[in-house]
1. Under a crude label model (7 Å from the Cα following the beta-carbon direction), how far is GLU223 from THR2 in nanometres?
2. Determine the relative contact order of the chain: mean sequence separation of Cα pairs under 8 Å and six or more apart, normalised by residue count, in whole percent.
3. Provide the FRET efficiency to the nearest 0.05 for the SER258-VAL151 pair, computing r from the beta carbons and using R0 = 30 Å.
4. In the neighborhood of ASP208, defined by Cβ-to-Cβ distances under 13 Å, what is the net charge if each Lys or Arg adds +1 and each Asp or Glu adds -1?
5. If you build the Cα gyration tensor of segment 154-295 and take the root of 5 times each eigenvalue, what three semi-axes come out, in whole angstrom, biggest first?
6. Compute the normalised compactness of segment 1-114: alpha-carbon radius of gyration over 2.2 N^0.38 Å, N being the residue count.
7. Out of VAL128, VAL201, VAL120, any idea which swings most in a Gaussian network model of the chain, alpha carbons joined below 10 Å?
8. Roughly how tilted is helix 273-290, in degrees to the nearest 10 and between 0 and 90, from the longest Cα axis of the chain?
Amino acid sequence: MTASLIDGKAIAATIRAEVKSAADRLRDERGTVPGLAFILVGDNPASQVYVRSKGKACEEMGFHSVTERLPASTAQDDLLSRIESFNRDPAIHGILVQLPLPAHINEQTIIESIDYRKDVDGFHPVNVGRLVIGLPSLRPCTPAGVQELLVRCGHDPAGKHVVVVGRSNIVGKPVLNMLLQKQKGANAIVTVAHTGAGDLVPYLRQADIVVAALGKPEIIRGEMLKPGCVVIDVGINRIPDPSAKNGTRIVGDVHFPSASTVASAITPVPGGVGPMTIAMLMKNTLLAAEGILYR
Ligand code: NDP
């Protein structure tokens with residue numbers, strides 16, 4: 001292996017420590033304790049795990065948090081009225097409705113019902129629009145984590161050619177919009193590839209930085225990359241592994257063994273982008289509580 005490892009766990013721990021001390025100051029100086037409300041509809045096991053670990057992170061930060069668990073049969077109007085009561089609650093600065101939602105609930109309607117100033121996931125159209133035009137906003141956590149990783153480990157994207165693979169509203173598009181801005185920690189030349197690209201190799205071969213967010217296990221292999229590039233692997237895929245205790249293991253969208261012999265730096269999966277997502281959620285909750293983004 002030639003690539004150095006980008007340690008998302010360590011960088012996330014640093015961000016959490018920074019958020020904690022800023023939150024302590026906010027409490028001491030203004031008497032404000034950041035508050036985050038989680039709403040979980042149904043009993044999707046992965047969602048339960050995510051909400052539990054986000055709640056634990058809130059505890060570590062000294063934040064106030066509440067978790068509302070609603071049955072899968074909850075009517076959309078009932079969910080909307082829960083959100084409305086959190087919108088009005090002054091002790092709650094952030095609202096996170098864990099996705100995916102049951103099929104009878106319209107996700108976009110739910111996202112748009114959250115007060116954009118409390119939208120710590122950064123999915124509300126007001127925040128999406130502000131991100132696109134370069135205004136301060138609550139920004140989606142995973143893409144913001146990708147940018148922080150690059151900057152904090154000395155791979156500032158400025159002037160670099162970044163190839164993002166994947167164009168989802170949750171990862172690919174916000175990564176594009178963050179790294180494209182004429183701003184500190186951005187100013188990159190960004191290409192976004194997707195299924196319409198056909199062969200990814202001509203794009204990947206030109207990339208100084210690859211952000212893989214396609215949701216397919218180990219598709220991007222070392223031989224497809226430009227030697228010396230930096231690889232940020234957002235993917236989380238569970239694949240069968242008879243040698244593992246539970247018969248499965250987690251891999252990224254990048255084939256780590258081959259990519260790490262070609263890249264100069266690479267994120268592991270797990271332990272790369274994953275821990276950054278929760279750290280950035282804590283940061284967003286702090287920003288929402290400080291109330292300075294939309295003045
Ligand atoms: P989506 O499935 O919503 O989007 C995948 C994107 O990748 C689509 O734009 C799709 O193209 C594109 N794509 C799929 N296959 C190919 C291919 N063979 N070649 C080129 N493009 C392809 O996924 P998400 O964006 O939600 O998530 C991406 C990955 O990141 C997943 O593994 C997910 O688990 C992980 N993730 C990790 C998080 C973390 O905290 N670390 C948080 C969120 C997601 P098209 O638009 O043409 O269909």
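The values are calculated or read from the model by the stated rules, or taken from the named source; none is laboratory data. The shown structure was predicted, so the numbers you read here are calculated from the model rather than taken from an experiment. As a convention, Cβ positions derive from the backbone with ideal geometry for all residues, glycine included, and neighbour counts pool all protein chains shown. The accessibility values were calculated without ligands, DNA or RNA, using every heavy atom of the protein model including side chains. Shrake-Rupley method; radii C 1.70, N 1.55, O 1.52, S 1.80 Å.
1. 1.7 nm
2. Relative contact order here is 23 percent.
3. The computed FRET efficiency comes out at 0.65.
4. Residues near ASP208 contribute +2 overall.
5. 26, 21, 13
6. 1.26
7. Largest GNM mean-square fluctuation: VAL201.
8. Here the helix axis deviates by roughly 40 degrees.
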